[in-house]
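So the structure is just underneath, and the comments pick up after that.
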Amino acid sequence: MIWGLRDFFKGTMMEKKNITNEKLMDFAKDAAKKAYAPYSGFAVGAALLTLSGKIYTGCNVENASYGASVCAERIAVFKAVSEGERIFRKIAIYTSGGSGSPCGICRQVLSEFSSDMTLLYHDSQGIIKEVPLSKMIPDAFSM
Ligand code: THU
């Protein structure tokens, strides 16, 4: 596959209709390079694929007031929603170490928009797992 000029501007929104899980994870890995994580030293990147085939990336952005920090997944979701996208197919999550499994708040935020989406993250063997969000947050809160 030939990658165009827009791939050069990674971190902005891109359009990829038929992207592989591996390639979506590459976008997440790239996004993790932008992480602002001076307090935890734990870089996270996310790449969110929307129904329309667009990809929104995010990285964790920490703050000296720790509670003001925001996870990579939520940054990607908020970027997408603020651009008018609300239906998500997949999100790839890349972490610099440890578990790639997303936190509970991010699961809840994803489920607000697309309870039938799937999540990609590395298992302890470094293999990409694809797990339905409904399995990761069963009986999520809704109103
Ligand atoms: N973090 C994420 O970006 N996503 C998660 O799902 C879990 C945790 C970030 C938040 C914080 O900047 C760092 O990882 C350590 O918790």
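Only the coordinates and a few stated rules stand behind these numbers; no lab work does. These numbers come from a predicted model, not from an experiment. FYI the Cβ positions are ideal-geometry reconstructions off the backbone, even for glycines, and counts take in every protein chain you see.
Using bins of 5 Å that start at zero, the share of Cα-Cα pairs per bin across the chain amounts to 2, 11, 21, 24, 21, 13, 6, 1, 0, in whole %. For the peptides 59-72, 111-124, 90-103, the ranking by packing is 90-103, 111-124, 59-72, with the highest mean count of neighbouring Cβ atoms within 10 Å listed first. Taken about its Cα centre, the chain carries a charge dipole of about 260 debye when Lys and Arg each add +1 at the Cβ and Asp and Glu each add -1 at the Cβ. Under a 5 Å amide H cut-off, with hydrogens placed 1.01 Å from N, Ser96 pairs with Ala43 among residues at least 5 apart or on other chains.
Amide H contacts under 5 Å for Thr57: Leu48, restricted to partners 5 or more places along the chain or on a different chain, H placed in the peptide plane at 1.01 Å from N.
In this structure, the amide hydrogen of Lys90, modeled 1.01 Å from its nitrogen in the peptide plane, lies closer than 5 angstrom to those of Leu49, Thr118, counting only residues at least 5 positions away or on a different chain. Here the relative contact order of the stretch 17-102, from alpha carbon pairs under 8 Å that lie six or more residues apart, stands at 32 percent.
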